[in-house]
Amino acid sequence: MNESHTSAITKEPVSALHVEHLGVRFGPVVALDDVCLDVADGEYLGIIGPNGGGKTTFLRAVLGLIPSYSGSLSIYGETAGKSSGKSRTSIGYVPQSAAVDKQFPIMVRDVVLMGRLKSRITLLQRFSHEDRELADSMLEEVGIADLAERQISALSGGEFQRMLIARALAVQPRLLLLDEPTASVDANSRFQIYQLLNRLHERMTILLVTHDMLAISTHVRSLACLNSKLVYHGRPELSEDSVRDMYGCPVDLVAHGLPHRVLKTHG
Amino acid sequence: MIEFFQDAFQYRFIQHAMAAGLLASIVCGLIGVIIVEKRLVMMSGGIAHTAYGGVGLGFLLGFEPILGAFLFAILAAFGIGFIKRKGGTGSDVVIGLFWSAGMASGIFFVALMPGYPPDMSSYLFGNILSATASDVRLMAVLTIVVVLTVIGLFNNWKAWMFDGEFATILGVNTGFLEYLMMLLIAMTIVVLIRVVGIILALALLTAPAAIAALLVPGLKARMVWATGIGTVITLTGLWLSYGWNLASGATIVMLSVACFLVVYVGKTMISKRNQG
């Protein structure tokens with residue numbers, strides 16, 4: 001059915017995101033070096049790593065917001081060009097909420113409707129009735145339907161984050177990329193956001209960049225560490241050594257939840 | 001006041017001035033809200049001041065200075081926009097360089113002129129009462145272009161302003177939108193030169209938008225309110241400057257800043273009282 005660019009191993013399930021030898025530089029600084037990653041359809045992958053380790057850079061490269069100098073990446077079999085300007089509607093992106101202007105004069109529903117924006121710039125573009133219904137049902141999905149008419153400046157951190165998730169969902173993506181979704185929310189909202197992601201995981205692939213070790217150990221199905229190079233771990237079992245290697249200093253690992261073994265000697 | 005309206009019926013130059021004020025208020029209402037929300041105020045200042053070079057070149061080579069201003073404003077808009085997109089040099093540095101280089105080249109060109117230097121102050125500080133019929137025609141054309149572009153692409157502007165990256169991911173050509181906005185800002189500056197001049201243009205661009213931001217939520221509502229506030233301010237300023245023989249550009253600017261201060265203080269006091 002899809003004749004595109006599958007390699008010799010065709011028996012494998014289609015990969016949501018396939019990254020080969022990706023390298024990103026900012027001038028002389030190497031931000032990402034030879035990153036290879038294959039995210040299978042239906043996976044729930046967490047990427048951890050220290051600040052400045054290139055987590056956000058990696059997401060931005062996947063999204064085509066910054067150019068790569070080496071390597072290639074494909075999203076659901078479609079090779080993404082090095083240049084931006086190509087629409088990536090199979091991806092729903094949830095940026096760090098700190099990166100979005102919270103004082104902008106806009107209603108919650110209108111933010112979610114942005115997910116329905118057409119890629120071509122046309123005169124007098126309007127959102128259809130279906131677009132509006134979809135936006136409302138996404139607000140329902142993330143649990144803030146009652147806030148649809150609210151100005152975004154009046155939202156709490158958790159509500160704001162869920163609005164950004166609803167906007168990403170309005171794109172109707174197959175792959176959801178989230179950048180630190182719990183960075184600026186309280187404990188209760190954090191719990192709700194992870195519950196929401198667990199629910200969404202039933203119907204889409206999720207790639208989550210986070211500092212949140214607790215989330216990694218309890219929710220995420222597989223794990224990668226990123227500190228300019230990427231190390232893939234499969235099941236989320238961290239060894240103290242591997243984490244120390246990534247972060248460059250000792251890190252306390254907290255084991256949480258009985259069914260999950262977090263600490264293991266790293267093979 | 002009544003005398004002013006009687007004169008307004010009688011004299012063409014007052015009608016031209018009123019039309020110029022109205023057109024300036026419209027572009028300031030739309031573009032002003034965008035540059036305030038997108039934080040492009042200093043960039044707009046850079047574009048405005050670079051236009052002075054075009055005024056000087058117009059005097060030197062003997063073509064209409066306002067066309068020179070338009071040309072230089074467009075060059076500055078694209079130049080600043082290009083360097084900003086490329087990154088590397090901080091955009092405030094680039095804006096600063098364009099800003100002073102534009103002013104310097106204006107002075108330079110005028111100094112090259114043989115004989116008596118022309119009076120440049122109406123371009124720097126505006127003189128709404130000197131607006132001619134052809135000025136008003138040019139302003140009207142530019143205003144129509146600005147209004148149609150802002151309304152026609154409203155949802156795209158909104159997406160670009162709120163989160164340009166997200167729009168880029170969806171495949172929207174945000175680079176095109178950015179350059180188009182630079183062009184609209186350049187047009188707006190040209191509309192404003194007759195009314196308040198290059199140096200005072202920033203106040204009329206930002207004050208009505210900032211006042212509207214204090215009063216109403218919502219992008220569209222702010223644009224409508226800013227246009228209305230701008231109209232009241234420019235026409236009041238025109239009336240004051242005509243009646244008391246004051247410098248029109250300076251009167252309009254001081255009036256807009258005073259309005260902003262009154263609304264700002266009033267709003268702060270009301271919200272304090274509501275808390276207490």
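Is it the case, given these coordinates, that residue B:172 is more than 30 Å from residue A:168 (Cβ to Cβ), at pLDDT 90 or above and of a type in the set (Val, Ile, Thr)?
No.
Kindly list, by first and then second residue, each pair from a residue in segment B:31-42 that is crowded, with 24+ Cβ neighbours inside 10 Å and of a type in the set (Phe, Trp, Tyr) to a residue that is modelled with pLDDT under 90 and in a helix (DSSP H, G or I), limited to pairs with Cβ atoms under 8 Å and residues at least 6 apart or on different chains.
none
Mind checking which strands (runs of 3 or more DSSP E) fall wholly inside segment A:37-117 and carry at least 1 residues that are buried (at least 16 other Cβ atoms within 10 Å of the Cβ) and away from every other protein chain (no Cβ under 14 Å)?
Of the strands (runs of 3 or more DSSP E) lying wholly inside segment A:37-117, those with at least 1 residues that are buried (at least 16 other Cβ atoms within 10 Å of the Cβ) and away from every other protein chain (no Cβ under 14 Å) span A:44-48, A:70-75.
Out of everything in segment A:24-36 that is in contact (Cβ under 8 Å) with a residue 24 or more places away in the chain and among the aliphatic types (A, V, I, L, M), what residue ends up being surrounded by the fewest Cβ atoms within 10 Å (Cβ to Cβ)?
A:30
In segment A:120-152, how many residues are more than 8 Å from chain B (Cβ to nearest Cβ) and either aliphatic (A, V, I, L, M) or over 22 Å from residue A:173 (Cα atoms) (or both)?
14
Residue A:176: in a helix (DSSP H, G or I) and open to solvent by less than 30 Å² (accessible area, probe 1.4 Å), yes or no?
Criteria not met by residue A:176.
Between a first residue in segment B:144-162 that is within 12 Å of chain A (Cβ to nearest Cβ) and a second residue that is of a type in the set (Phe, Trp, Tyr), which pairs have beta carbons less than 8 Å apart while being 6 or more apart in sequence or on different chains?
So the pair list comes out as B:150/B:157; B:155/A:127; B:159/B:166; B:161/A:104; B:162/A:104.
The values are calculated or read from the model by the stated rules, or taken from the named source; none is laboratory data. Keep in mind that what you see is a predicted model, and the values were worked out from it rather than measured. Cβ atoms come from the backbone with ideal geometry, glycine included; neighbour counts cover every protein chain shown. Surface areas here come from the heavy atoms of the whole protein model, side chains and all, with no ligands, DNA or RNA. Shrake-Rupley method; radii C 1.70, N 1.55, O 1.52, S 1.80 Å.
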